[in-house]
Amino acid sequence: PNVTFSTNAVALEAKPSSGLPVSYRLVSGAGSLSGSKLTLSGIGTFTVAADQGGNTNWLAATSVTNSFVVTRGVQTITFAPIGEQVLSAGSVTLSAVSSAGLVVSFSVMSGPATVSGTKLTLLNEGTVTVRAINPGSTLWLAGQAEQSFVIRKLTTLAVTVAGNQS
């Protein structure tokens, strides 16, 4: 069947009526074969041939080919939680990773903050929404994740101690 690009090998399977071992050949497509495992290095149409050479009891089987399409893979962005922030902290370091191993960038979607690289600068009280994104590549679709958090001012609590008067 058609598959999406992945760093995992595709398992090939063919069962000849003779029960003899099958060998595989990559006829077209960007990848490499090791036994019955096809490692993808591109997308597009792939054609794989299955061969069974026969033995003293069995004639060689007719080579069989199978074509399938590999489409761009789906990447997931894992965005480390930000949590509630105190304005006096000044900034927060953002962290996110792509399942495809691609570089993730950040942008402020709304709220009182700015971002430069991975440094998020807190500007005022309010709710901030930040997006972590990778636009994709020739092998991977775009991926993104968002999260919102609240910036609060640090409040001080004044305590008055009543004393005894004599």
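Remarks
- Out of VAL70, VAL97, VAL64, one residue alone is within 22 Å of PRO135 (Cα to Cα), of a type in the set (A, V, I, L, M) and open to solvent by 70 Å² or more (accessible area, probe 1.4 Å). It is VAL97.
- Once the range 111-132 is narrowed to residues that are under 20 Å from THR78 (Cα atoms) and in contact with a Gly (Cβ under 9 Å, 6 or more places away or on another chain), the residue that is most open to solvent (accessible area, probe 1.4 Å) is THR129.
- Close pairs from the range 1-12: first of a type in the set (Val, Ile, Thr), partner open to solvent by less than 40 Å² (accessible area, probe 1.4 Å), Cβ under 6 Å, at least 6 apart: VAL3/VAL70; THR4/GLY73; VAL10/LEU38
- Elements of the type strands (runs of 3 or more DSSP E) sitting completely within the range 67-157 and holding at least 2 residues that are under 27 Å from ILE43 (Cβ atoms): these cover 77-79, 96-98, 126-134, 143-152.
- Selection status of LEU59, open to solvent by 50 Å² or more (accessible area, probe 1.4 Å), under 27 Å from the mean Cα position of the chain (by Cα) and closer than 30 Å to GLY35 by Cβ: no
- Residue in the range 6-20 that is touching a Gly at 6+ places or on another chain (Cβ under 6 Å) and under 30 Å from SER99 (Cβ atoms) present: yes
- Scan the range 40-75 for residues that are in contact (Cβ under 8 Å) with a residue 60 or more places away in the chain and in contact with a Gly (Cβ under 6 Å, 6 or more places away or on another chain) and the total you get is 1.
- Yes/no for THR39 being open to solvent by less than 40 Å² (accessible area, probe 1.4 Å), polar (S, T, N, Q) and at pLDDT 95 or above: no
- Filtering the range 45-56 to residues that are loosely packed, with under 12 Cβ neighbours inside 10 Å and either in contact with a strand residue (DSSP E or B) (Cβ under 6 Å, 6 or more places away or on another chain) or small (Gly, Ala, Ser) (or both) leaves only THR45.
- The residue that is most open to solvent (accessible area, probe 1.4 Å), counting only those in the range 23-36 that are farther than 14 Å from PHE68 by Cβ, part of a strand (DSSP E or B) and small (Gly, Ala, Ser), is SER34.
The values are calculated or read from the model by the stated rules, or taken from the named source; none is laboratory data. Because the structure is predicted, anything quoted here is derived from the model rather than measured. Using ideal geometry, Cβ is built from the backbone for each residue, glycine included, and neighbour counts are taken over all protein chains shown. Surface areas here come from the heavy atoms of the whole protein model, side chains and all, with no ligands, DNA or RNA. Shrake-Rupley method; radii C 1.70, N 1.55, O 1.52, S 1.80 Å.
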